[in-house]
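Presented below is the structure to which this report refers.
The values are calculated or read from the model by the stated rules, or taken from the named source; none is laboratory data. In this text the structure is predicted, and so the values were computed from the model without any measurement. Quick reminder, even Gly has a Cβ in these numbers, built from the backbone with ideal geometry, and neighbours come from all protein chains shown.
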Amino acid sequence: MLKPLPSERWDFTTAAHLLNRAGFGGLPAEISGLAALDPARAVSRLVDFESVVETDPDPAWAKPDPERAERLKSARVASPDERRKMQREDQINQRERMIGLRAWWLQRMAAGARPLQEKMTLFWHGHFATSMVKVRDAYLMWRQNDLFRRLGTGNWPDLLTAVAKDPAMLIWLDQAQSRKEHPNENFAREVMELFALGEGHYTERDITEAARALTGWSYDRMTEDFVARPMWHDRGSKTLFGQTGLFTGEDFLRMLVAQPQAARFITAKVWNFFAGEWPSEELVTALVARFHGGGNNFKPLLRTMFLSEEFYSPAIIRNQVKSPVQWLVGSVRVLERPLPPPQVCLNLTRNLGQDLFAPPNVKGWDGGLSWITTNTLLARYNEAATLVQGDLPPALAGANPKRPNASRQIARQLTQPHVGGVDVTKLFTEKERADAEALIPALERRLLQAKLKPEQEKVLRDYLGGQSRLDEGAILNAIRLVMSTPEYQMA
């Protein structure tokens, strides 16, 4: 298992697959450039991202607030009316910051020089799913996001411990209020069930005893930092995973990661995120061996995965449903256009089913086929028009995405001229813009890195053949038509 991909199999298709999965896709020239390297150098270009200088500044407000303590003190002595006014102002401020934070992260994904770092940050955001709805502090959400970015390809025990002490997580799973008199079991349960072991690999007593070990790990509202409160900690003897001792929170997390199931759980989940399918037991065993061999660090595991024959199996290439974020970021990249304004991005990803910093629950997003419903598929078709043509798309009332000929229905409606769309001269050569027979493979190469299925290609060919001339409007409509195919929803 995990044998390196032979050099003769490294080509445009496999290079495109690597960019789609380890990042957010690439332009034809980027893919060709990667394909010109040998597989090891191509993978290193993505995995060894520390050598790439970051140029994206953090949000201006993403730093400790020296006035926070004074505001909290003022709120305590304020009249009820004044306190309500202060709360409203803070809510407005937090809402504006969160819109900006989502846009800031999307911009890093769309235009940043470290795509794998951002893709791994996205993985951890879904894994350690934490929501602004309960945390209600944009700075703390940014801090957690930055934690994933800094530690996301490093050591698993270090990352898990840092997340356990992260202020947003302490608030999200109620650990901040856990004390020896009333240990809160929320984090203890979720760290075993969802974060490190999986259901069925621990006992209810393990949860109870782990909650006791974690008592005293809290959050200082004034400084917005983790704090250990010794007087809150249960110093009594505890029995965890069959061992008895005066265990602390650090002891519990160390013992947790040492469980044989822990490495199998996290490596399988990483593989599923990038490969788009759950690995076999045999493959998990190979992944675990590489993970342990790399000191429980994720970077050696990722390098091995991205170089392996299994990762480039025909069953895996172009067989993963794009998440809403992957769909949006990948689309603006291949269209070579900027992201829409922040509020539009928020509405767009929310309509498609993925509201960053607000996962539906502690399990995060289910992913896979759950991204595709009648409503979200139609939303993808509509929002493709927004990205391509720069305005609201034509009405799609007659297009039923459940029907096989949905793209043909949409093609019939692409009759209105549109203004303010992408610049087709950046995307296609003069010859491709003048000749439908040259344009079709160019569309496939840019948008799909693969050929359309015969039925979809016929719809596109019929549409282009019905145009009196291949002008900008017709090309924009053709782009949108390809983006409304089942193939475009896959990566």
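Here are a few things to note about the model shown:
- Qualifying residue in segment 479-487 (condition: surrounded by fewer than 22 Cβ atoms within 10 Å (Cβ to Cβ), among the charged types (D, E, K, R), farther than 21 Å from residue 12 by Cα and touching a residue at least 40 places away in the same chain (Cβ under 8 Å)): no
- Flag for residue 133 being out of contact with any helix residue (DSSP H, G or I) (no Cβ under 9 Å at 6 or more places or on another chain) and closer than 27 Å to residue 371 by Cβ: yes
- Helices (runs of 4 or more DSSP H) contained entirely in segment 1-64, each with at least 3 residues that are at pLDDT below 95 and acidic (Asp, Glu): none
- Verdict on residue 76 being more than 30 Å from residue 194 (Cβ to Cβ) and either loosely packed, with under 13 Cβ neighbours inside 10 Å or in the same structural domain as residue 266 (by TED's automatic domain parsing) (or both): yes
- Residue satisfying condition, being under 22 Å from residue 361 (Cα atoms), touching a residue at least 40 places away in the same chain (Cβ under 8 Å) and not acidic (Asp, Glu), within set 194, 256: 194
- Selection status of residue 337, of a type in the set (D, E, K, R), on the phi < 0 side of the Ramachandran plot and touching a Pro at 6+ places or on another chain (Cβ under 7 Å): no
- The residue list 151, 170 contains one member that is modelled with pLDDT of 95 or more, surrounded by 18 or more Cβ atoms within 10 Å (Cβ to Cβ), under 22 Å from residue 49 (Cα atoms) and of a type outside the set (Asp, Glu), which is 151.
- Residue 185 meets each of the listed conditions (1) under 29 Å from residue 298 (Cα atoms); (2) at pLDDT below 95; (3) of a type in the set (D, E, K, R) apart from (2).
- Note on segment 279-397: enclosed helices (runs of 4 or more DSSP H) holding 3 or more residues that are under 30 Å from residue 4 (Cα atoms) and under 18 Å from the mean Cα position of the chain (by Cα) are 298-307, 324-334.
- Index of the failed condition, residue 422 passing every other in (1) modelled with pLDDT of 95 or more; (2) closer than 12 Å to residue 335 by Cα; (3) touching an Asp or Glu at 6+ places or on another chain (Cβ under 8 Å): (1)
- Looking across segment 303-321, the residues that are among the charged types (D, E, K, R) and in contact with a Leu (Cβ under 9 Å, 6 or more places away or on another chain) come down to 309, 310, 318.
- Just so you know, in segment 197-233 the residues that are of a type in the set (Asp, Glu) and within 21 Å of residue 362 (Cα to Cα) include one that is surrounded by the most Cβ atoms within 10 Å (Cβ to Cβ), and it is 206.
- Just one of the numbered conditions (1) in a loop (DSSP other than H, G, I, E, B); (2) touching a residue at least 24 places away in the same chain (Cβ under 8 Å) is not true of residue 69: (1).
- Flag if residue 438 is under 26 Å from residue 19 (Cα atoms) and within 29 Å of the chain's Cα centre (by Cα): no
- Screening segment 150-266 for helices (runs of 4 or more DSSP H) wholly inside it with 2 or more residues that are of a type in the set (D, E, K, R) and farther than 24 Å from residue 127 by Cβ returns the ranges 204-214.
- Residue among 341, 300 that is outside the structural domain of residue 266 (by TED's automatic domain parsing) and of a type outside the set (A, V, I, L, M): 341
- Within segment 22-47, tally of residues that are closer than 15 Å to residue 447 by Cα and either out of contact with any helix residue (DSSP H, G or I) (no Cβ under 7 Å at 6 or more places or on another chain) or charged (D, E, K, R) (or both): 2
- If you check 54, 82 for being farther than 30 Å from residue 314 by Cβ and in contact (Cβ under 8 Å) with a residue 40 or more places away in the chain, only one passes: 54.
- Out of 144, 87, sole residue that is touching a residue at least 24 places away in the same chain (Cβ under 8 Å), in the same structural domain as residue 165 (by TED's automatic domain parsing), of a type in the set (S, T, N, Q) and part of a helix (DSSP H, G or I): 144
Let's see how each residue does on (1) within 23 Å of residue 376 (Cα to Cα); (2) surrounded by fewer than 21 Cβ atoms within 10 Å (Cβ to Cβ); (3) touching a helix residue (DSSP H, G or I) at 6+ places or on another chain (Cβ under 8 Å):
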residue: 448; (1), (2), (3): yes, yes, yes
residue: 457; (1), (2), (3): no, yes, yes
residue: 467; (1), (2), (3): no, yes, yes
residue: 473; (1), (2), (3): no, yes, no
residue: 477; (1), (2), (3): yes, no, yes
